[in-house]
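*Asks:* Got a structure for you, questions after.
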């Protein structure tokens, strides 16, 4: 009267690779790639160089097309850059009314900016002035161009703008 019941063991559910395991493996891969890339960017010795550590994050890169005068240049992409918080003589050697006036001539200031900027600069935008981007810029050696122009005597600090955003690492 009793009937035998055939009990079969249950098969374990098949695990799908596309669930939690895939997310975990993906996360591990991203972390590993980021760690590897971060390690490769450090110079030998494990410490970032002083020049790289001193350069702040920048807003844009300018491949310099030409230098207009001692405080303005143009990038190859057409962007006009006004070097923030400095004043240099105009191309006719005059100083605009109300602007600081350096002792350096217009050609000396232009030559100094040309030498400092080189072919490429990185810049942090500080504002706009007459359809130009005002910026604090560094050359490829890590030198802050704004400050170097003042220190060389090729330009004067323009206090009005320097108080808004200080140059020379201030």
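The values are calculated or read from the model by the stated rules, or taken from the named source; none is laboratory data. Here the structure is a predicted model, which is why all the values come from computation and not from measurement. Positions of Cβ are generated from backbone atoms using ideal geometry, with glycine treated the same way; all protein chains shown enter the neighbour counts.
*Asks:* Kindly indicate whether any position in the range 42-49 is under 29 Å from the mean Cα position of the chain (by Cα) and either modelled with pLDDT of 70 or more or within 15 Å of residue 154 (Cβ to Cβ) (or both).
*Replies:* Scanning the range 42-49 turns up no residue that is under 29 Å from the mean Cα position of the chain (by Cα) and either modelled with pLDDT of 70 or more or within 15 Å of residue 154 (Cβ to Cβ) (or both).
*Asks:* I would also like to ask the following. Report, by residue number, each residue of the range 76-93 that is farther than 18 Å from residue 148 by Cβ and in contact with a helix residue (DSSP H, G or I) (Cβ under 8 Å, 6 or more places away or on another chain).
*Replies:* Once the filter is applied, which keeps residues that are farther than 18 Å from residue 148 by Cβ and in contact with a helix residue (DSSP H, G or I) (Cβ under 8 Å, 6 or more places away or on another chain), the range 76-93 yields 90, 91, 92, 93.
*Asks:* May I pose another question? Looking only at the range 106-149, how many residues end up being in contact (Cβ under 8 Å) with a residue 40 or more places away in the chain and in a loop (DSSP other than H, G, I, E, B)?
*Replies:* Final tally of qualifying residues: 6.
*Asks:* While we're on this one: Anything in the range 130-142 that is in contact with a helix residue (DSSP H, G or I) (Cβ under 8 Å, 6 or more places away or on another chain) and buried (at least 18 other Cβ atoms within 10 Å of the Cβ)? List them, or say none.
*Replies:* Of everything in the range 130-142, those that are in contact with a helix residue (DSSP H, G or I) (Cβ under 8 Å, 6 or more places away or on another chain) and buried (at least 18 other Cβ atoms within 10 Å of the Cβ) turn out to be 134, 136, 137, 138, 139.
*Asks:* Go through (1) touching a residue at least 60 places away in the same chain (Cβ under 8 Å); (2) within 18 Å of the chain's Cα centre (by Cα) for residue 80 and report which single condition fails.
*Replies:* Here residue 80 clears every test but (1).
*Asks:* Could I ask something else about it? Would you mind finding the one in 127, 170, 98 that is in the same structural domain as residue 69 (by TED's automatic domain parsing), surrounded by fewer than 20 Cβ atoms within 10 Å (Cβ to Cβ) and either under 11 Å from residue 70 (Cα atoms) or under 21 Å from the mean Cα position of the chain (by Cα) (or both)?
*Replies:* Exactly one residue qualifies, and that residue is 127.
*Asks:* While we're here: Can we say residue 32 is more than 23 Å from the chain's Cα centre (by Cα), more than 29 Å from residue 164 (Cβ to Cβ), surrounded by fewer than 16 Cβ atoms within 10 Å (Cβ to Cβ) and modelled with pLDDT under 80?
*Replies:* It is true that residue 32 is more than 23 Å from the chain's Cα centre (by Cα), more than 29 Å from residue 164 (Cβ to Cβ), surrounded by fewer than 16 Cβ atoms within 10 Å (Cβ to Cβ) and modelled with pLDDT under 80.
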